[in-house]
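Okay, structure first, notes after.
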Amino acid sequence: MNILELCLSPALGGLELYVYRSALHLSKTGKVFTVIKEGGKLKALFEREGLFFSTEKTLFHSFPIAAAIRLAALIDARNIDVVHLHWGKDLALAALSKYFSKSKPRLVYTRQMKMTRSKDDFYHNFLYGQMDLMLCITDKLVTEAKAFLNDQYETKIKRLYYGVDAPHRLLTRAEKLILRQGFGLKSGDFLVGLFGRIEENKRQHLLVDVIVLAKKKAIGLRGLIVGHAMKGPYLENLKTRVEDEDLKNEIFFKDFVDRPQEWMQACDCMVLATPEETFGLVLIEAMRVGVPIVGTNRGGVPEIIDHEVTGMLFEPDDVEGLYQCLHTLKTDEDLRTKMAEAGRIKAEYLFASEGHFVQLREYLKH
């Protein structure tokens with residue numbers, strides 16, 4: 001099976017990293033060719049791994065005819081059997097490429113973002129009419145897609161949860177201690193990790209609010225914020241507030257890391273604070289290394305977290321609610337241990353890459 005992975009997104013978040021991981025896994029059993037954005041952040045990862053790819057310079061617009069003709073020629077020249085796309089803005093390019101292609105490959109769309117309005121019109125019916133299968137990453141997305149697309153596509157919509165790789169390795173207690181000592185942590189300090197793109201929607205400032213509250217109550221909460229900053233002054237504003245609140249010994253910043261699960265293991269828990277995350281891949285990564293998790297009670301997160309069983313839920317932007325979750329985890333070691341183990345078991349059963357990519361290959365074939 002010859003697969004073309006398509007993603008012209010310029011960013012490097014969960015969606016784009018999934019494209020990279022898909023190319024890695026699928027290339028083990030088939031031929032994979034990837035088309036990514038010229039100048040996008042994915043390029044460095046593909047070059048490092050020696051993966052076969054090309055780049056496309058054309059910016060997205062509603063009907064990218066020229067780019068679609070070029071892509072159709074590439075599809076035919078490389079005998080592509082299936083085009084697997086990920087970014088919603090690439091749907092027009094993928095649909096037109098299939099339309100212009102002589103070989104008419106299967107078009108499989110992994111839908112990772114929520115759908116908020118009806119797409120039952122001539123333009124969208126043309127695009128989705130070229131689609132052979134839509135793989136939604138949560139049950140909530142399946143419900144949305146069936147509600148907003150024409151009924152004729154209902155049988156083409158399936159749910160396939162994200163999969164996360166088994167950890168590269170589990171750190172020893174001594175290795176965890178070394179990482180923690182690098183931040184000057186003392187015995188009894190409770191380190192809360194928040195990993196992801198540094199931007200307002202990810203709500204890193206909410207963790208800062210909680211640490212401020214914890215300091216006033218003399219509770220030893222510490223925060224580790226990991227990720228690359230998006231455009232704008234958000235990161236600098238965060239750092240300024242940390243300085244103004246005299247939190248330099250309570251909150252630590254670290255740029256994007258290649259192996260986040262190793263740094264997660266230095267944390268006592270992981271938080272996802274986005275008001276409504278479509279899925280929450282970072283939570284699964286933490287679960288697979290046995291770190292307890294806290295997430296917002298919106299989007300796809302409740303499909304990951306069973307409250308007070310595999311983690312804890314709080315309402316979006318509720319500083320007191322998040323504080324109470326973290327305080328409970330800090331003070332109840334037995335509950336923390338049970339949640340971490342229950343989360344690890346659920347992640348291995350339901351969200352493991354091993355099963356995910358086996359199922360994905362089957363969907364791509366048929």
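The values are calculated or read from the model by the stated rules, or taken from the named source; none is laboratory data. Because the structure is a prediction, the values reported are computed rather than measured. Note that we place each Cβ from the backbone using ideal geometry, even for glycine, and neighbour counts take in every protein chain shown. Heads up: the accessible areas ignore ligands, DNA and RNA and are worked out on the full protein's heavy atoms, side chains in. Shrake-Rupley method; radii C 1.70, N 1.55, O 1.52, S 1.80 Å.
Would you grab the residues whose amide H sits under 5 Å from the one on residue 272? Only those 5+ places off in sequence or on another chain, please, with H modelled 1.01 Å from N.
For residue 272, the qualifying residues are 294, 295, 296.
If DNA, RNA and ligands are ignored and the probe is 1.4 Å, what is the ranking of 228, 84, 366 by accessible area, most exposed first?
Numbers: 228 30, 84 0, 366 150 Å².
The most accessible residue leads, giving 366, 228, 84.
Taking the Cα atoms of the range 16-100 alone, what are Rg (to one decimal) and Dmax (as a whole number) in Å?
12.5, 34
At what distance in angstrom do the alpha carbon centres of the range 250-287 and the range 90-142 lie from each other?
31 Å
As an exercise, identify the trypsin sites (Lys or Arg not before Pro) in the range 159-241 lying in DSSP coil whose Cβ has no more than 15 other Cβ atoms within 10 Å.
Passing both the DSSP loop test and the Cβ count: 169, 186, 217, 231.
Could you give the radius of gyration (one decimal) and Dmax (whole number) of the Cα atoms in the range 239-366, in Å?
16.1, 58
Once you charge only the Cβ atoms, +1 for Lys and Arg and -1 for Asp and Glu, what is the size of the charge dipole of the chain about its Cα centre, to the nearest 20 debye?
Working: 51 positive and 49 negative charges, 219 e Å.
Roughly 1060 debye, rounded to the nearest 20.
Gap in Å between the Cα centre of the range 159-185 and the Cα centre of the range 332-366?
Between the Cα centre of the range 332-366 and that of the range 159-185, the gap is 16 Å.
Averaging sequence separations of C-alpha pairs under 8 Å and six or more residues apart, then dividing by the length of the range 62-221, give the relative contact order as a whole percent.
Details: 172 pairs, mean separation 24.0, N = 160.
Over the range 62-221, the number comes to 15 percent.
Quick check for me: using +1 on Lys/Arg Cβ and -1 on Asp/Glu Cβ, what's the dipole size of the range 179-288 about its Cα centre, in debye to the nearest 20?
Values: 16 positive and 17 negative charges, 48 e Å.
Roughly 240 debye, rounded to the nearest 20.
List the residues whose amide H sits under 5 Å from the amide H of residue 5, counting only those 5 or more places along or on another chain, with H placed 1.01 Å from N in the peptide plane.
The list, which skips near neighbours in sequence, is 33, 34, 35, 84.
Where does the chain land at 222 nm, in deg cm²/dmol rounded to the nearest 500, when only DSSP H runs of n ≥ 4 count, each adding -39500 (n - 2.57), divided by all residues? The partial results should precede the final answer.
Working: 15 runs with 156 residues, N = 366.
Theoretical 222 nm ellipticity from helices: -12500 deg cm²/dmol.
Hey, what's the per residue convex hull volume over the C-alpha atoms of the chain, in cubic angstrom? Please report the intermediate quantities before stating the final value.
Working: hull volume 49.3 nm³, N = 366.
That works out to 135 Å³ per residue.
If amide hydrogens are placed 1.01 Å from N in the peptide plane, which non-local residues have theirs closer than 5 Å to the one on residue 161?
So residue 161 has HN proximity to no qualifying residue.
Would you mind giving the average projected area, over all directions, of the Cα convex hull of the range 90-244 in nm² with one decimal? Provide the component values of the computation, followed by the final result.
Numbers: hull surface 57.2 nm².
About 14.3 nm², averaged over all directions.
Relative contact order of the chain, please, whole-number percent, based on alpha carbon pairs below 8 angstrom and at least 6 residues apart. Walk me through the numbers on the way to the answer.
Details: 652 pairs, mean separation 49.1, N = 366.
The value is 13 percent.
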